[in-house]
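Before I ask anything, here is the structure I am working with.
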């Protein structure tokens, strides 16, 4: 018996439907990228799974993308994304790495052990808000922590409106608090460093063991990588979960607005400084330093804001410079080809 997957269950909405022309309404097959491999994509459409070879003619794609397939299930085109998550590629390479597309909610996952780090949570909040997705901070391993509420209060202090949930990822009754974000048609991505229990949480939410899990290293609570590729999983009678490999390095680029929103309190203080070019050091009338001195603003938080703003500005400039060089090289190649063609025609 063939399983039918309603497009609405796969996350199809009016946003994608309105991008189709009349011919595509009747002839094209919408399919969602469920997993990405080196040379192929795993897709899912109403009729079931499809394997699609990756070719040079395709644009850069990622898990969560919606594609239109031709009648023979060959690649037609990619639809505009509702949201997209990317980062500067790890290491010294100057390139952008796509992480996920068309995500509604992000579970920013961290464990209640030595992995807990407010700076890292703020780092994940910035691209989440830049993409326009809802952020939910999920604190795992609550069963192994003596005072989980202390950690929860620290996260909540970052933003009173931020959703924060504390769970035991092994206990389905505990993770039930996450169900409102996992309803039918909703796409949830899990972001977090290695060893915070993302794969365990996915297994519990799915009610099965699709993802391999591994214990954190006892000496430092740093995790082992158990997920090696991005993949979407269907929740029974619900939405979709997207797991990503644990990322020790999430380099920010092109997310100034996301950082400003994550640090909205600091952004407002900066606007209150006496001078527009205030460096927030020893300048008179600096609202930021006055608030730090009155203990109403954590110096750690302001230092992290400055660090993330410098990082995204540097990475954005590097990526922009590379794109400009690539455009110049493309124009040069076209010019050489045109000259060669004119030379041959002039013979």
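Simple spin-label model, 7 Å along Cα-to-Cβ: residue 208 to residue 47 in nm?
2.3 nm
Which shape class applies to region 106-219: rounded if a/c is under 1.5, otherwise prolate when a/b exceeds b/c and oblate if not, where a ≥ b ≥ c are the square roots of the Cα gyration tensor eigenvalues?
Rounded, since a/c falls under 1.5.
By per-residue mean of other Cβ atoms within 10 Å, what is the highest-first order of 163-173, 27-37?
27-37, 163-173
If contacts are Cα pairs under 8 angstrom and at least 6 residues apart, what is the relative contact order of region 1-83 in percent?
29 percent
Same structure, new question: What FRET efficiency comes out for the pair residue 38/residue 157, r = Cβ-Cβ distance, R0 = 41 Å, nearest 0.05?
E between residue 38 and residue 157, to the nearest 0.05, is 0.45.
Could I ask something else about it? Using only the Cα atoms, work out Rg/Rh for region 14-78, with Rh taken as the Kirkwood radius, to two decimals.
0.94
For the residue pair residue 171 and residue 300, what label-to-label distance in nm results when each label sits 7 Å from Cα along the Cα-to-beta-carbon direction?
Roughly 2.7 nm, to one decimal.
Here's a follow-up. How high is the relative contact order of region 125-175, in percent, counting Cα pairs under 8 Å that sit 6 or more residues apart?
Computed over region 125-175, the figure is 39 percent.
Give the peptides 258-267, 143-152, 39-48, 183-192 in descending order of average Cβ contacts within 10 Å, highest first.
Top to bottom by mean Cβ count within 10 Å: 183-192, 258-267, 39-48, 143-152.
Read the figures in this text as sums done on the coordinates, not as results from a lab. Keep in mind that what you see is a predicted model, and the values were worked out from it rather than measured. Note that each Cβ is placed from the backbone with ideal geometry, even for glycine, and that neighbours are counted across all protein chains shown.
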